[in-house]
Amino acid sequence: MTTFLVAAIQMDTTSNQDQNLSVAADFIGEAAKKGAKLIALPETMAYLGRDYAALSEAVPGGKTATYLSALARKYGVYIEGGSLYERNENDPVRPYNTTFLLGPDGAFLGKYSKLHPFDVVLDSGVTSRESSHVAPGHEIVTVKTAGVGTLGFGICYDLRFGELFRLMALRGAQILVLPANFTEATGRAHWEVLVRARAIENECYVIAPNQVGKKPRFTAYGHSLIVDPRGKVLAEADGTETGVIYAPIDLDLVSKVRKETFTLQNRREDIYSLCLK
């Protein structure tokens, strides 16, 4: 199947894990009934609070992955699990920030842990050191599926690192999935521009479900997006409400656009190259 409907779920996640999972289940059911074959959730969809390590889970096999697996099987859909705090056996106080993909039979198809923690020190004195409580991942991940093409994954701040997305495109990714929790300030300035840029430069669809609402330290921007390989915004959520956005995906368009611009083919690898360490 080259044409199918996808859905991006915009959530206002809290510290109440059971409530968050219930909300996600309602939205997944709604999306499945509307015919979505691939349903994507936002970053930290199951829990957003300070108890990162205490509430970290196994992926697969933990509470959230098992819960979403049952929903994928119930509705016969692919589910990208947003992200959650994955237990890190090598560093118990610093879990991974991990997304994962489930198949329509509920099977676990792969996972990706955020490569780039949000570590910044601003002239104003504002600092953020996500790496103090979240361990960075170690690999780039693409997953080839039988029903929705080849998917690549990034999480939130990863969006600012174009190399990651280019390498996924070179590995055959047709759809880039980016669960996020972008702030209102940075989102207003950069969110749509960056999402569309990643779509255009890699000639891929981008599905970018974002958090919305007031969080403990900031307000999340919302404006979840689905963008086509030409950079056209196919669907956008608003900046205040939770909900689901939908758009059709045509994998043949990915091939068509790549034959129009030849961006990937015309790279000067004799002058520069990207390589995995």
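The values are calculated or read from the model by the stated rules, or taken from the named source; none is laboratory data. Everything numeric here is computed off the predicted structure, so don't read it as measured data. Quick reminder, even Gly has a Cβ in these numbers, built from the backbone with ideal geometry, and neighbours come from all protein chains shown.
Identify, from the list Thr44, Thr66, the residue that is out of contact with any Asp or Glu (no Cβ under 6 Å at 6 or more places or on another chain), under 20 Å from Tyr221 (Cβ atoms), at pLDDT 95 or above and among the hydroxyl-bearing types (Ser, Thr, Tyr).
After ruling out the rest, the residue left standing is Thr44.
Take Asn266 and decide whether it is of a type in the set (S, T, N, Q) and buried (at least 24 other Cβ atoms within 10 Å of the Cβ).
So Asn266 fails the test.
Out of the residues in the range 1-41 that are modelled with pLDDT of 95 or more and of a type in the set (Val, Ile, Thr), which is surrounded by the fewest Cβ atoms within 10 Å (Cβ to Cβ)?
It comes out as Thr3.
Identify all residues within the range 134-160 that are part of a loop (DSSP other than H, G, I, E, B) and either among the aliphatic types (A, V, I, L, M) or modelled with pLDDT under 95 (or both); write none if there are none.
Val134, Ile140, Val141, Ala146, Val148, Ile155
Exactly one of these conditions fails for Thr44: (1) surrounded by 24 or more Cβ atoms within 10 Å (Cβ to Cβ); (2) under 18 Å from Thr145 (Cα atoms). Give me its number.
(2)
Quick check, is Val121 of a type in the set (Val, Ile, Thr) and either under 16 Å from the mean Cα position of the chain (by Cα) or under 25 Å from His223 (Cβ atoms) (or both)?
no
Which numbered condition trips up Glu130, out of (1) farther than 18 Å from Phe218 by Cα; (2) more than 17 Å from the chain's Cα centre (by Cα); (3) charged (D, E, K, R)?
All conditions pass for Glu130, except number (1).
Give me the pairs: first residue in the range 26-40 and under 20 Å from Val206 (Cα atoms), second residue surrounded by fewer than 15 Cβ atoms within 10 Å (Cβ to Cβ), beta-carbon distance under 7 Å, and six or more apart or on different chains, which are they?
Here the result reads Lys37/Gly147, each pair linking the range 26-40 to a residue that is surrounded by fewer than 15 Cβ atoms within 10 Å (Cβ to Cβ).
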